[in-house]
Amino acid sequence: MKVTSPAFKENATAAIHDTQLQKALGNVETGFVAKRKKGAASLPEFEALRDSARDLKIHVLKHLDLYLEAYERKVIASGGHVHWAETAEDARRIVTDICRRLGAKTVTKGKSMITEEIALNDHLEAQGIRPVETDLGEYIIQLRGEHPSHIIAPAVHLTKEQVAGDFRRVHEHLAVDRDLSEPVTLLSEARAVLREQFLAADVGITGANFLVAETGTSIIVTNEGNGDLTQTLPKAHVVLASIEKIVPTLEDVDTLMRVLARSATGQEMSVYTTFSTGPRRADDPDGPGEYHVVLLDNGRSAMLGTEFEDMLRCIRCGACMNHCPVYQQIGGHAYGWVYPGPMGAVLTPTLVGIEQTGHLPNASTFCGRCESVCPMRIPLPRMMRAWRAREWEKALNPGTQRFGLGLWAFLARRPGLYRLAARIGRWGLATLSGGRGRVARLPLGDGWTKHRDMPAPEGGTFMDRWKAGERP
Amino acid sequence: MNARDSILSKIRRSRLSSPDDSARRATVTERLRSHPAGIVPARGAVEGEARIALFVEKAEAVFASVARVASSAEVPGAVAAYLRSKNLPQAIRRGEDPRLAALPFDTEPQLAVSVGPSDGHDLAGLSQALAGVAETGTVVLTSGRDNPTTLNFLPEHHLVVVSAEDLVGDYETVWAKVRSIWGAGSMPRALNMITGPSRSGDIEQTMLLGAHGPRSLHLIVVGG
Ligand code: SF4
């Protein structure tokens, strides 16, 4: 997927003025936030489970190489194949080779952010293989030639009217005057259209929420059942998973299951949690004849041992973006790559480089809501700050910003001058406000005052007041 | 170096503080062997009628329907009654599970019972659950001839028989059972945890039942 993060500011401005998008985004705040709150409240042990989920993943990352080896042995013992991919390109090649060998024409896909990360669909199409997204949200955006705007609700940026328009355009074989005014009719139509695709597919590709070292099992968590039809009906099931999805045992899966759905959609449990181990067995009347796992690194091993290691605990629940005031205003596309919101602001620079994505860790108010809801207790604000520091070291931020911060640093190291400057600033702002208590236009600061007034300072500077004995 | 060794050695370099790896190895081996349980919610620690009641409450909360019958002899009647209530033809497809095979279907002469995996043309499928989990109203199904996986997903209506003695409080108890049947470190090809009928919230966050999997999930709890 093309990285459009350098145009973040323009993307964000366009998003704020897009009325359809703003209408759709209203559902994020009212929907997900309230649901997560209810989900968390449903279980007295929820906060304690978050602690143990965090500790579990810290343990896994400390022993990641060993758990990967144990997992691989188990997959092979159950008749499956493990492929290792260092880069997106390697992973694409491995998947196309499997499809080619099986003469695949149609490939069904369960929802998988990893396949977005490696831009698998474009690649398959270029090879003459037709990928069909089967998650309802993914299917809709595939029809539109778009990318997901949310990691668990890919079409959250669309209204039902937009979806109805797409279905009329694409499902040409259906009656033109059919009623598509309600979500339920849209769902039934998609179900019928996709049912044929499930039965026709040669290969099914899914992601994995977890990989279990104890048993060589891959796990998908879905609500629609599309992932299960994707992996059960075709000749081969290909699982694409990044290396940090490993958990040691089935009991460890329990801990993560108990926080995942509650954080994501507020459900106590998603509808389908499916544990897959190897291909069809001797006495199996159904299931895929071949079972492949592609383990993707794509920059993750390089995060280990750095200040970004904690990001590898992420279980992709989406809570951080649902609760992010920036995401709620601009949606996912403005972030310009696969992973939006706070988790994307940390992850995207590690995967595609800070040079192109410097705006993302800056697109934060540092309100800390993301960290406060993250089931894995990932210190997202701390890591965004770490990216800002790196950006500064590499001198990637704009000249005016560097000049301003440089000036501030110069003053901060000279307390006498600093106090003087603060007094002048206070006096200047008070004068500009003309006694109205607010400043409507600020020289050099109209980026701020264009949209709101600046409150004028009242009383002396903080330091003067402190000295005078004023205490909060 | 191939991709596998390259990835593993990159990870190892960042993980090793000394060349002696034996402590890390011992930790991993021990955890995989002993599979310690984490925090198990207290909610599931109930027995007998209270456990059944919790299972029913949680299953109904996620829009599954539940029927309770006193013995397996009453299951065919419960199946027929469900199909009638939904205006469906009296036909159902099941796997070879001996407990399903032993049901006295002749008490329902109208009911046509076929056996085997689904090819997508069945309106209703019948499965026997390995377990039901009271914690979240979840049923656990395992693949094989006894209960083909396609029956869980292709029919519009999925009926699942759960024996009261197979109801457990939490997922941890399910794993103990899986290990006792398939052996430590092994799993059936597919194990499905199913919590309510299929649903989607992808259009404007409106929750709708019946996405790609069954539109309804009907649980028949036997005994207790
Ligand atoms: S960073 Fe945390 S809240 Fe965000 S998606 Fe990952 S696990 Fe969920």
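Pairwise Cα separations in region A:233-273 fall into 10 Å bins from 0 onward with the following percentages, short to long: 23, 40, 32, 5. Accessible area per residue for region A:400-467 is 78 Å², calculated with a 1.4 Å probe on protein heavy atoms, without ligands, DNA or RNA. Computed per residue of chain A from DSSP H runs no shorter than four, each worth -39500 (n - 2.57), the mean residue ellipticity at 222 nm is -14500 deg cm²/dmol. With a Förster radius of 25 Å applied to the C-beta separation of residue A:449 and residue A:412, the computed FRET efficiency comes to 0.50.
Remark on region A:264-345: Rg and Dmax equal 18.1, 53 Å (Cα only). If you plug the beta carbon distance of residue A:172 and residue A:467 into 1/(1 + (r/R0)^6) with R0 = 56 Å, you get a FRET efficiency near 0.15. Per atom type, the protein assembly as shown shows carbon and sulfur on 55% of its accessible surface, probed at 1.4 Å.
Just to verify a number: FRET efficiency for residue B:107 and residue A:281, C-beta to C-beta distance, R0 = 41 Å, to 0.05? Computed FRET efficiency for residue B:107 and residue A:281 comes out at 0.75.
Summarising the strand pairing of the protein assembly as shown, around 30 percent of its internal DSSP beta bridges are antiparallel. A P(r) calculated from all alpha carbon pairs of the protein assembly as shown, with 10 Å bins opening at zero, reads 3, 14, 24, 25, 17, 9, 5, 3, 1, 0 percent.
Please state the equivalent ellipsoid semi-axes for region A:83-176: what are the square roots of 5 times the Cα gyration tensor eigenvalues, largest first, in whole Å?
Numbers: eigenvalues 146, 57, 15 Å².
Equivalent-ellipsoid dimensions as semi-axes: 27, 17, 9 Å.
Each Lys and Arg adds +1 at its Cβ and each Asp and Glu adds -1 at its Cβ; summed about the Cα centre, region B:145-185 shows a dipole of about 200 debye. Mind listing which trypsin sites (Lys or Arg not before Pro) in region A:242-296 are in a DSSP loop and have 10 or fewer other Cβ atoms within 10 Å? When the trypsin sites (Lys or Arg not before Pro) of region A:242-296 are filtered for loop state and at most 10 Cβ neighbours within 10 Å, nothing remains. As a length-normalised measure over Cα pairs under 8 Å and 6 or more apart, the relative contact order of chain B settles at 24 percent. Pairwise Cα distances in region B:120-173 exceed 16 Å in 42 percent of cases.
For region B:14-86, GluC sites (Glu not before Pro) meeting the loop criterion (DSSP other than H, G, I, E, B) and having at most 12 other Cβ atoms within 10 Å: B:47. Highest-first packing order for the peptide set A:136-147, A:370-381 is A:370-381, A:136-147, based on the mean count of other beta carbon atoms within 10 Å.
The number of Lys pairs in region A:42-301 with C-alpha atoms less than 20 Å apart, excluding pairs fewer than 8 positions apart on the same chain, is 8. The C-alpha atoms of region A:212-313 occupy a region whose extents along the principal axes are 49, 31, 22 Å, arranged from largest to smallest.
Go through A:460, A:430, A:440 and say which Cα lies farthest out towards the positive end of the charge dipole of region A:400-467; charges sit on Cβ, +1 for Lys and Arg, -1 for Asp and Glu. Value: A:460.
If you wrap the Cα atoms of region A:65-221 in a convex hull and average its projected area over all directions, you get 10.4 nm². Between A and B, buried accessible area from a 1.4 angstrom probe totals roughly 7400 Å², ignoring ligands, DNA and RNA. The largest accessible area among B:86, A:105, B:177 belongs to the first residue in A:105, B:86, B:177, and the rest follow in falling order (1.4 Å probe, all chains). Reported value for region B:44-222: 122 Å³ per residue, from the convex hull of its C-alpha atoms. Rg and Dmax of region B:1-101, based on Cα coordinates, read 25.7, 70 Å. Note on region A:400-467: Kirkwood hydrodynamic radius from all Cα pairs is 13.2 Å, rounded to one decimal.
The values are calculated or read from the model by the stated rules, or taken from the named source; none is laboratory data. What you see is a predicted model; the values in this text were computed from it and never measured. Cβ: placed from backbone, ideal geometry, glycine included. Neighbour counts: every protein chain shown. Keep in mind that these areas ignore ligands, DNA and RNA; they rest on the heavy atoms of the full protein, side chains included. Shrake-Rupley method; radii C 1.70, N 1.55, O 1.52, S 1.80 Å.
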